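> Sharing a structure here in structure tokens format.
The values are calculated or read from the model by the stated rules, or taken from the named source; none is laboratory data. The shown structure was predicted, so the numbers you read here are calculated from the model rather than taken from an experiment. All Cβ positions, glycine included, derive from the backbone under ideal geometry; neighbour counts span all protein chains shown. In case anyone asks, the SASA skips ligands and DNA or RNA and just uses the protein heavy atoms, side chains included. Shrake-Rupley method; radii C 1.70, N 1.55, O 1.52, S 1.80 Å.
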Amino acid sequence: MNSIIRDLKQIIAGEVTNKESELAAVSQDFGNIIQKQPQIVIRPQNSTDVAQAIKYAAQQGLTISSRAAGRSLSGQSLNQGGILLDMRNLNQIDDFRADELWFQGDPGVSWKQVIDTAIPDGVIPPVLTNNFEVTLAGTLSAAGLGLSSFRYGSQADNCLALEVVTGTGDIIWCTPEENSELFYHVLCGYGQFGIITKVKNRLRKYRPYTRSYFLCYDDLDKLLHDARGLVTEGRIDGLVSLFSPCLQGMSRKENQMKPLIQWFYRMQITVEFDDINQINDRELLGNLNFYRHIHTEDLTFAQFIQPLGQVPHPVNTANTWIDILLPAYSAQEFISIALERIPSFLDFRTLPIGSFCLNSPNHKLPMFPLPDDQLIIGLGMYPTIPKTQVEVVLEQLNLLTDLGFQMGGKRYMATWAEFDLPQWRSQFGDYWFTVNEIKRKYDPCGILNPGFFKYEHPVGAI
């Protein structure tokens, strides 16, 4: 170990450490389900440091992974027994062109940095997640979904160019036209084909004001019908639905106690506008099938995009979150089954659960597979549970994952996932063979971020 540290310090300009406290600090991610500890942490100063570290890891037979905010749920930002690149020092916005609607920055730049820079100039990234502390490279490696994804795709779909260091230590600038194969697979690729060291991303102009309508439904089919119409007609700028259970009593059928639950569904739709007189409430809401209009809220755009609050993370808990992406034709049936099952293994009274919409034509990245339908309904379940319950809860969530596959669905891999080979084949379908081939091409020694994808044919150290 001393010789490895000595070697790395000679070739790395940034910090190299194997202090126990430093290793422990990067041994868990936000999911708090998986724990891995590297031998060495490197804090690179530039892309050359990343390239040198990768070349050295390949020579020594060590695995190597990258991490910034550490918001992964399935250990994607962890490393066991190898080298972990802590990218948080690479955090500068190099170029910001509001007039040309793009910016360029380091992988460890947070979206909050981008937003704080963008808002005064009247521009914004087209898609934002509900957590601004995550980083450019982190979400582009996963996809990055938000309230406006049905209009603009994922955050990764709005990437214009990347600098990437491959598993052979080559530093490559790639765009949809130049080195396009690498570009299209590093995006949503979870660090499997290369490590992002620079990002060029799209911006859009925003309108100064927003109006949000909070609409309550007691019928899932009507909710999904209205969501389809709103999304496909392009009349709104943001949409999300949250599900709330109401306990109506207990059934004692066949000597078994079972809660009787009525689910309610709150749809929030948002439009941006320049002048309040532009909005016709009756025209927008007139043909919708909600049973109660709960609230209307007018905010400035800058107020509207701010997250509602931090997600609490109590001690000795785990975040067993999953998003299942469903074709519109089977979404109602799947969601009904899921809502029926949930009370048997989760505290449904405190469970954040809801749905969102995607339009397939707005998503063009092969590493973000979608169901075969133009309209995609996402079902998100975000339980924070005691660690003692993890095994039972994950077993049930895996059963829902398999059911989703059977009904034509896919998984959003940024949330919890621990797949075997048949599940990976279900996720990627016929493209799974190509994924394996590209892994061998850009990471021939199999050293990049191992342990998440379960490849068909082991590569090197994987």
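> Gap in Å between the Cα centre of region 342-406 and the Cα centre of region 161-232?
19 Å
> Among Thr166, Ser330, Ile4, whose Cα projects farthest towards the positive end of the dipole of the chain, with charges put on the beta-carbon of Lys, Arg (+1) and Asp, Glu (-1)?
With unit charges placed on the Cβ atoms, the residue in question is Ile4.
> Using a 1.4 angstrom probe on the protein heavy atoms only, line up Arg349, Arg67, Arg440, Arg292 by accessible area, largest first.
Arg349, Arg292, Arg440, Arg67
> Would you work out the charge dipole size for region 152-249 about its Cα centre, treating the Cβ of every Lys and Arg as +1 and the Cβ of every Asp and Glu as -1, and quote it to the nearest 20 debye?
500 debye
> What does the charge count near Asn131 come to, summing +1 for each Lys or Arg and -1 for each Asp or Glu among other residues with Cβ under 12 Å from its Cβ?
+1
> While we're on this one: Find how much the distance from Asp372 to Gln396 grows on full extension, using 0.36 nm per residue of separation minus their present alpha carbon separation; answer in nm with one decimal.
This chain segment gains 6.1 nm when fully extended.
> Counting only other residues whose beta carbon sits under 15 Å from that of Val390, what net charge do I get with K and R as +1, D and E as -1?
After counting each charged neighbour, the total is -4.
> Holding the Cα-Cα limit at 27 Å, pick out from Lys200/Lys364; Lys205/Lys364; Lys19/Lys441; Lys222/Lys410; Lys112/Lys222 the pairs that are longer than that.
Flagged as over cut-off: Lys19/Lys441; Lys112/Lys222.
> Provide the net charge surrounding Gln423, with neighbours chosen by a C-beta distance below 13 Å and charges set as Lys +1, Arg +1, Asp -1, Glu -1.
Net local charge, Gln423 excluded: 0.
> Let me ask something else about it. In the chain, if the dipole is taken from +1 on Lys/Arg beta carbons and -1 on Asp/Glu beta carbons about the Cα centre, which of Thr300, Pro343, Cys357 is farthest to the positive end?
Pro343
> Continuing with this model, one more query. Note down the accessible area of His293, probe 1.4 Å, to the nearest 10 Å².
80 Å²
> Not counting ligands, DNA or RNA, and with a 1.4 Å probe, what is Lys222's accessible surface area in Å² rounded to the nearest 10?
That residue has around 100 Å² of solvent-accessible surface.
> Which FRET efficiency value, to the nearest 0.05, is calculated for Tyr431 and Lys454 with the Förster distance at 25 angstrom and r the Cβ-Cβ distance? Don't skip to the answer; put the middle values down first.
Details: r = 15 Å, r/R0 = 0.62.
After rounding, the FRET efficiency stands at 0.95.
> Please work out the FRET efficiency for the pair Asp170 and Lys19, using the Cβ-Cβ distance as r and a Förster radius of 35 Å; give the result to the nearest 0.05.
Values: r = 31 Å, r/R0 = 0.88.
For R0 = 35 Å, the calculated efficiency reads 0.70.
> In nm, give the distance between the simple-model label positions of Asp420 and Glu340, each being 7 Å from the Cα along the Cα-to-Cβ direction.
Simple spin-label model gives 2.6 nm for this pair.
> Hey, another quick one. Would you rank Ile83, Ile4 by solvent-accessible area, highest first, keeping every protein chain in place and using a 1.4 Å probe?
Highest to lowest solvent-accessible surface, that is Ile4, Ile83.
> On to the next question. Which percent, to the nearest 5, of DSSP beta bridges fully inside the chain are antiparallel?
90 percent
> Remind me, relative contact order of the chain in percent, using alpha carbon pairs under 8 angstrom and six or more residues apart?
16 percent
> If you line up the long axis of helix 432-442 against the longest principal axis of the chain, both from Cα atoms, how many degrees apart are they, to the nearest 10?
With both axes taken from Cα atoms, the answer is about 30 degrees.
> Something else about it: With charges only on Cβ, +1 for K and R and -1 for D and E, what is the dipole size of region 1-147 about its Cα centre, in debye, rounded to 20? Kindly include the intermediate steps, with their values, before the conclusion.
Details: 11 positive and 15 negative charges, 119 e Å.
My answer is approximately 580 debye.
> A follow-up question, please. Starting from the exponent 0.38 and prefactor 2.2 Å, build the expected Rg for region 1-86 from its residue count and divide its actual Cα Rg by it.
This ratio for region 1-86 stands at 1.01.
> While we're here: Given region 1-86, what percent of its DSSP beta bridges are antiparallel, to the nearest 5? List each step's numbers first, then the result.
Working: 4 of 11 bridges.
Percent antiparallel among DSSP bridges in region 1-86 is about 35.
> Now, a different point. Could you give the length gained by full extension between Ile11 and Asn287, i.e. 0.36 nm per residue of separation minus their alpha carbon distance, to one decimal place? Mind showing how you got there, number by number?
On the way: separation 276, 0.36 × 276 = 99.36 nm, distance 6.52 nm.
That pair, Ile11 and Asn287, stretches by 92.8 nm at full extension.
> Roughly what angle does helix 47-60 make with the longest principal axis of the chain, taking Cα atoms, 0 to 90 degrees, to the nearest 10?
Long axis of 47-60 versus the principal axis of the chain: about 70 degrees.
> If you don't mind, there's one more thing I want to ask. For the chain, give the magnitude of the charge dipole about the Cα centre (Cβ charges: +1 Lys/Arg, -1 Asp/Glu; no others), in debye to the nearest 20.
Roughly 740 debye for the chain.
> Additional query: So how much slack lies between Lys364 and Asn131, counting 0.36 nm per residue of separation and subtracting their Cα-Cα distance, in nm?
Between Lys364 and Asn131, full extension yields an extra 81.5 nm.
> Sort Lys441, Lys200, Lys112 from largest to smallest accessible area, using a 1.4 Å probe on the heavy atoms of the protein chains.
My answer, sorted largest first, is Lys441, Lys112, Lys200.
> What figure in square angstrom, to the nearest 10, would you give for the accessible area of Asp116 with a 1.4 Å probe?
Accessible surface of Asp116 is approximately 90 Å².
> Sticking with this one: Which listed residue (Trp102, Leu145, Gly189) has the Cα farthest towards the positive end of the charge dipole for region 93-205, taking +1 on Lys and Arg C-beta and -1 on Asp and Glu C-beta about the Cα centre?
So the residue we want is Leu145.
> Right, something else. Given R₀ = 60 Å, what would the calculated FRET efficiency be for Gln35 paired with Lys205, taking r from the Cβ atoms and rounding to 0.05?
E between Gln35 and Lys205, to the nearest 0.05, is 0.85.
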